[in-house]
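Participant: Below is a structure I'd like to ask you about.
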Amino acid sequence: MRALRFHGGGDVRLDELPDAPLGPNEVRIAVAACGICGSDMHEFRHGPAAIPTSDRPHPLTGTSLPVVLGHEFAGTVVEVGADVSEWHTGNRVAIEPLLRDHDCEQCRRGRYNLCRAIGFLGLSGNEGGFAERAVVPASALHRLPDTVSLEHGALVEPLAVGWHAIDQGQVEPSDDVLIIGGGPVGLAVLLCLKHRGAGRVIVSEPSPQRRSAATAMGAGLVIDPNDSDVARTVRRETNGGVRVAFDCAGQAAATPTAVSALRPGGRLVLVALQGAAVQLPAARMLALELSVVGSMAYANTYPQVIAALAAGLSPTPLVTRRAPLAAAPVVFDELARDERQELKVLISP
Ligand SMILES: [Zn+2]
């Protein structure tokens with residue numbers, strides 16, 4: 001079968017591979033669609049970063065590059081392992097790619113996104129979704145209702161990132177909210193907020209195409225950070241600031257801006273990865289009792305997202321391009337030159 005493998009920074013190849021053997025607790029999936037994530041592009045441009053190398057194989061998988069990429073995927077069960085009883089050929093599923101040891105303190109508490117050995121299918125050495133087929137643990141599967149398409153199934157993963165961030169922000173239905181960064185992560189937060197309920201949702205984003213997308217998805221106000229003072233505008237528009245801000249920009253300047261846009265007692269959720277250290281206005285945080293909380297992937301979130309999709313949440317506006325697996329290396333090259341040209345790109349074998 002064909003699969004897109006990461007061999008090193010700037011080097012992804014469409015390789016011909018044998019189908020992997022199926023373990024007793026594993027399931028083989030015919031992949032329907034798999035989204036390209038910002039972390040895939042980060043590995044392509046700057047990696048290997050999270051992808052294990054031969055001198056440091058992943059503790060759970062024991063393997064290293066080359067790895068089949070792709071962790072945002074859905075498909076149909078085509079074969080089940082000897083000890084798998086709850087899944088059958090033909091089941092339509094979304095794959096939760098988070099690997100964990102099921103054994104550490106955080107796993108035992110159910111916070112498996114904080115597992116000491118955390119990994120991801122499609123990054124950490126196990127099989128990924130940019131392939132015709134993938135072997136995954138049966139425990140990674142979530143059934144899709146008949147009314148939820150496989151394409152929407154591939155979008156459960158990025159939506160789960162947004163859904164968990166909202167949980168971390170403890171957003172209540174009347175809260176005004178600021179999202180800094182209108183890329184796929186920020187807009188996933190927006191779509192989930194519109195479905196779950198919030199007050200006014202403000203999005204700050206420099207790209208005009210992404211601002212238009214945010215408006216179409218229901219943002220109450222969109223701001224161009226290049227021509228207005230985001231924190232001042234937000235405080236003016238919300239009578240003193242938002243209750244919750246989401247930093248989805250991944251740029252050092254965004255974090256202090258988000259803190260400055262909070263009302264007393266407000267909460268900042270860090271969702272995007274940042275390389276550089278940031279300075280926070282500590283005196284303001286003390287005086288206004290502001291909180292800062294991280295949001296790492298998701299845990300126990302897939303069932304809620306799938307129920308929301310069945311209830312009408314539509315992530316289709318996130319998808320700006322669909323391409324066949326054969327075109328994936330070219331798509332990676334194009335996105336590496338300008339990642340902001342697209343929101344979510346879906347690859348289908
Ligand atoms: Zn663990």
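Participant: Looking at (1) within 16 Å of the ligand (Cβ to nearest atom); (2) open to solvent by 30 Å² or more (accessible area, probe 1.4 Å); (3) under 24 Å from residue 305 (Cα atoms); (4) in contact with a helix residue (DSSP H, G or I) (Cβ under 8 Å, 6 or more places away or on another chain), which one does residue 111 not meet, given that it meets all the others?
Facilitator: For residue 111, the exception is condition (4).
Participant: Also: Considering each of 139, 124 in turn, give the residue that is among the polar types (S, T, N, Q), within 14 Å of the ligand (Cβ to nearest atom), open to solvent by 20 Å² or more (accessible area, probe 1.4 Å) and closer than 25 Å to residue 60 by Cβ.
Facilitator: 139
Participant: Look through 129, 153 and report the one residue that is more than 16 Å from the ligand (Cβ to nearest atom) and part of a helix (DSSP H, G or I).
Facilitator: Residue meeting the stated conditions: 153.
Participant: Does residue 301 meet the test of being touching a residue at least 60 places away in the same chain (Cβ under 8 Å) and farther than 30 Å from residue 14 by Cα?
Facilitator: yes
Participant: With the checklist (1) part of a helix (DSSP H, G or I); (2) in contact with a strand residue (DSSP E or B) (Cβ under 9 Å, 6 or more places away or on another chain); (3) closer than 27 Å to residue 140 by Cα in hand, flag the one item residue 298 doesn't pass.
Facilitator: Here residue 298 clears every test but (1).
Participant: Which residues, counting only those in the stretch 68-108, are within 16 Å of the ligand (Cβ to nearest atom), part of a loop (DSSP other than H, G, I, E, B) and in contact with a Phe, Trp or Tyr (Cβ under 7 Å, 6 or more places away or on another chain)?
Facilitator: Selection gives 96, 97, 100.
Participant: Condition (residue is open to solvent by less than 10 Å² (accessible area, probe 1.4 Å), within 21 Å of residue 69 (Cα to Cα), touching a strand residue (DSSP E or B) at 6+ places or on another chain (Cβ under 8 Å) and assigned to a loop (DSSP other than H, G, I, E, B)) applied to the stretch 321-337: is it met by at least one residue?
Facilitator: No.
Participant: Hey, another quick one. What about residue 340, is it open to solvent by 20 Å² or more (accessible area, probe 1.4 Å) and more than 21 Å from residue 9 (Cβ to Cβ)?
Facilitator: It is false that residue 340 is open to solvent by 20 Å² or more (accessible area, probe 1.4 Å) and more than 21 Å from residue 9 (Cβ to Cβ).
The values are calculated or read from the model by the stated rules, or taken from the named source; none is laboratory data. Remember, predicted model here, so these are calculated numbers, not experimental data. Reconstructed Cβ throughout: ideal geometry from the backbone, glycine too, with neighbour counts over all protein chains shown. Remember, those area values only see protein heavy atoms, side chains included, never the ligands or the DNA or RNA. Shrake-Rupley method; radii C 1.70, N 1.55, O 1.52, S 1.80 Å.
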